[in-house]
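Chemist: Have a look at this one.
We did not get these values from a lab; they are worked out from the coordinates using the rules stated. What you see is a predicted model; the values in this text were computed from it and never measured. Backbone-built Cβ (ideal geometry, glycine too); neighbour counts: all protein chains shown.
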Amino acid sequence: MCSVLEVTSFTKTIYAHKIAYMRGYLFVHELSPALLEQIWQYMVLLWDILRGTQFPALLAEAPNYLIEGVKTSLFGTHIYSNYVFCTCQVDFLRQIVIRVKQYTYYPGNPIAFKNEINDTMYFIYYGEVEVLIETNDLYNPEVHDVLKEGDAFGVIQGLNPRYGHSNSYRARTYSIILQLYRLDWDYLLESFPDSRVEIYDRADTYQFTV
């Protein structure tokens with residue numbers, strides 16, 4: 001028991017040093033106080049809930065077959081069951097899942113902004129996300145819809161390099177979001193031409209059904 005407490009205390013001390021160093025670096029480079037405070041609060045919450053880590057760092061350094069096994073087990077259903085990807089070749093989808101990255105958002109954190117072009121699609125692994133529409137008050141958008149675990153957004157924007165998001169998105173609750181960046185995987189399509197056809201044919205339909 002003492003050993004566990006010692007390791008936890010040691011890990012927390014290392015984490016505290018790292019975020020203090022980062023805070024000092026950003027302060028020296030004259031980051032705005034408001035943004036500096038947002039970063040600080042995020043890092044504190046990251047420790048409180050996830051002990052300072054998102055996808056385990058040690059696992060990220062493991063051989064690909066282990067990373068693939070873990071990510072497929074944890075995240076695979078979000079890719080394999082997605083409308084755009086569900087008819088693609090299995091070997092292609094296995095490699096897509098490896099490239100998914102996990103991010104944590106806390107209530108009120110913005111995830112993506114309207115008209116932002118970031119080549120990224122998002123899958124909700126845990127939590128709820130608000131779909132926002134603009135109002136006359138720039139700082140108080142209206143909640144148009146709430147997306148939940150298993151939902152996806154930004155799919156079309158994550159397939160096309162010049163498509164901006166049609167809405168802004170904000171975490172409603174503590175949320176774990178899986179993000180897939182187009183440039184991390186689209187080169188695979190050269191080796192899977194059948195999957196390319198499936199994805200973009202279904203994407204054409206997807207645009208008119210959501």
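Chemist: Would you mind getting me the FRET efficiency between Thr173 and Thr77? Use the beta-carbon distance for r and R0 = 35 Å, nearest 0.05.
Modeler: Details: r = 20 Å, r/R0 = 0.58.
With R0 = 35 Å, the Cβ-Cβ based efficiency is 0.95.
Chemist: How would you rank 174-182, 198-206, highest first, on the average number of other Cβ atoms within 10 Å across their residues?
Modeler: Values: 174-182: 19.7, 198-206: 15.4.
Going by the mean number of other Cβ atoms within 10 Å, highest first, we get 174-182, 198-206.
Chemist: Then there's this: Quick one: compute the contact order of region 56-138, relative version, from alpha carbon pairs under 8 angstrom and 6+ residues apart, as a percent. List each step's numbers first, then the result.
Modeler: On the way: 26 pairs, mean separation 21.7, N = 83.
Contact order relative to length: 26 percent.
Chemist: What is the local net charge at Pro141, summed over the other residues whose Cβ is closer than 10 Å to its Cβ (Lys, Arg +1; Asp, Glu -1)? Provide the component values of the computation, followed by the final result.
Modeler: Working: positive: Lys114, Arg170; negative: Glu130, Glu134, Asp137, Glu142.
So the environment of Pro141 carries a net charge of -2.
Chemist: Quick check: residue separation of Arg182 and Lys148 times 0.36 nm, minus the Cα distance between them. What number comes out in nm?
Modeler: Values: separation 34, 0.36 × 34 = 12.24 nm, distance 2.29 nm.
Taking 0.36 nm per residue and subtracting the Cα distance, the gain is 10.0 nm.
Chemist: Now for a different question. Less than 16 Å apart at the alpha-carbon level, and either on another chain or at least 8 residues along: which aspartates and glutamates does that give for Lys114?
Modeler: Answer for Lys114, where 16 Å is the Cα cut-off: Glu130, Glu134, Asp137, Glu142, Asp145, listed by chain and number.
Chemist: Also: Given labels modelled 7 Å from the Cα in the Cβ direction, how far is it in nm from Asp91 to Arg162?
Modeler: A separation of 3.4 nm, rounded to one decimal place.
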